[in-house]
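The values are calculated or read from the model by the stated rules, or taken from the named source; none is laboratory data. Owing to the predicted nature of the structure, the values given are computational and were not obtained by experimental measurement. Note that each Cβ is placed from the backbone with ideal geometry, even for glycine, and that neighbours are counted across all protein chains shown.
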Amino acid sequence: MTHTVACTVRAHAACDHIKNGACARAHARGARMRARASEESSGDFITDMVGKIFGKDVLNDPEPAGLKRMTKEDWPDQFLAVKQATAVTLASDDTKELQMIRKVLTQTQLEKLALGIAFDANVHGWSANSFHTQLDGQGAALLVGVTDDGVVFGGYNSKGWLGYGEWIDAISAFLYVFDRGNVTKLPKVGGSGMAIIDEMGQGPQWGPDGLKISLESRSARSRLGTYYEKMPDGSANLFGGKLARGERVGLKELRVYVAIEDTELAKNYKPNVLQFQDGELENIRKNDDEGRMDGFFGKLFGGKK
């Protein structure tokens, strides 16, 4: 081997050694950075970004900038319904039905509130008009129905009804059915969209096909899997696997319960920094000229209402 060739080989070997050493250091540095990032990560991208932008102290502050954090304890209906049915019976649950259905209200705003019947089809009438007359504007509600075969079923509506023709988003809505004392809860699937169909002149409906009740015909039908989970055995009918998907069942009872008291959160509510504080709006308006119209319309109508 000539002197020139030998030098070239040694030079290449030296370069390889340098490159290998640089690669090893780079790999070690990358491993350290990944380990550090893993230790600092919360597992949630948004939380990590907020921490990087506003600092770690913001993440530890329960009320950053005066805005309270949303927790499942304070705002249970902002989270997907849980399948557990472990809510504890209250002293106000003075009927067997209330004691039975109380358990399904786990992680809902009604869980710890006294309930009362706002609508009973056998009392107020089997009609959509009666339903909306009794329930529109009443807030969150739990429906309980009994089929002709004695199956107890129902649904939770966290937003309540208004009869405005809305297709309501409600991530915490769910369906349920009892079988020999055991209850199965079926949460919303596919996000919060179209959880409740609130149409004037129509009965209660969970999703376009999850559970649809026709009060006038005293019947209900169910198609699970698109908007609400299927039954544990994979069947797509809330009323039992022997029924075809969407097959109608007759109803002999239907009631809807609503809260008859306010939540602690509502009782103790205080506006945040972005809202008018107590008395602030009144102070702004106290110097208003009663009966006087300002601005463009004041000029147009001579300053008089």
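Some points to look at:
- Given (1) modelled with pLDDT of 95 or more; (2) in contact with a His (Cβ under 7 Å, 6 or more places away or on another chain), index of the condition A121 fails: (2)
- Checking each residue in segment 109-143 for being β-branched (V, I, T) and in contact (Cβ under 8 Å) with a residue 12 or more places away in the chain picks out only I117.
- Selection status of S172, surrounded by fewer than 21 Cβ atoms within 10 Å (Cβ to Cβ), hydroxyl-bearing (S, T, Y) and in the same structural domain as G207 (by TED's automatic domain parsing): no
- Being buried (at least 16 other Cβ atoms within 10 Å of the Cβ), in the same structural domain as G241 (by TED's automatic domain parsing), touching a helix residue (DSSP H, G or I) at 6+ places or on another chain (Cβ under 6 Å) and over 30 Å from G190 (Cα atoms) is a property that A87 lacks.
- Residue selected from segment 198-225 under the condition under 21 Å from the mean Cα position of the chain (by Cα) and of a type in the set (D, E), by the criterion surrounded by the fewest Cβ atoms within 10 Å (Cβ to Cβ): E199
- Criterion: under 26 Å from G193 (Cα atoms) and at pLDDT 75 or above - qualifying residue of K83, K68: K83
- The number of residues in segment 171-181 being within 11 Å of V152 (Cα to Cα) and modelled with pLDDT of 95 or more comes to 3.
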